[in-house]
1. Which one of the conditions (1) modelled with pLDDT of 70 or more; (2) open to solvent by less than 100 Å² (accessible area, probe 1.4 Å) does Phe85 fail to meet, given that it meets all the rest?
2. Could you check, for region 44-57, whether at least one of its residues is surrounded by 11 or more Cβ atoms within 10 Å (Cβ to Cβ), within 25 Å of Met1 (Cα to Cα) and modelled with pLDDT of 75 or more?
3. Pick out the one residue from Val77, Val24, Val91 that is modelled with pLDDT under 85 and open to solvent by 50 Å² or more (accessible area, probe 1.4 Å).
Amino acid sequence: MILAITIGVLTAGGVYLMMQRSMVRGVFGLTLLSHAANFILLSAGVGAWRVEPLAGRGDQSLAADPLPQAFVLTAIVITLAVTIFMLALAVLGHDDDQKRAPETGEVRES
């Protein structure tokens, strides 16, 4: 029950942040949505009532499925890369509220 509420709160917060005009808030909203998706993938593994997937610890037919855990690990790495890329775009680009682009050290020709 607590996991379902956590997924709902993360999804609602992520959607709320993505509806804002700021690029950084949109990035944080996408990050919250990815965390909610990771929790959904982990809950699909239903490892709560199964034994550890270690050899010699228990019956192999009762072992937890390690595939959802591998999916979540991959999703975390991809989310980190996308978040860093989008934050770099937010820094280099300009927001709707700014009059000029931030200084990047490059010389612009007018």
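The values are calculated or read from the model by the stated rules, or taken from the named source; none is laboratory data. The shown structure was predicted, so the numbers you read here are calculated from the model rather than taken from an experiment. We place every Cβ from the backbone using ideal geometry, glycine too, and count neighbours over all the protein chains shown. SASA here: full protein model, heavy atoms, side chains in, ligands and nucleic acids out. Shrake-Rupley method; radii C 1.70, N 1.55, O 1.52, S 1.80 Å.
1. Of everything listed in (1) modelled with pLDDT of 70 or more; (2) open to solvent by less than 100 Å² (accessible area, probe 1.4 Å), Phe85 misses just condition (2).
2. Within region 44-57, one or more residues are surrounded by 11 or more Cβ atoms within 10 Å (Cβ to Cβ), within 25 Å of Met1 (Cα to Cα) and modelled with pLDDT of 75 or more.
3. Working: Val77 fails: modelled with pLDDT under 85; Val24 fails: modelled with pLDDT under 85.
Among Val77, Val24, Val91, only Val91 is modelled with pLDDT under 85 and open to solvent by 50 Å² or more (accessible area, probe 1.4 Å).
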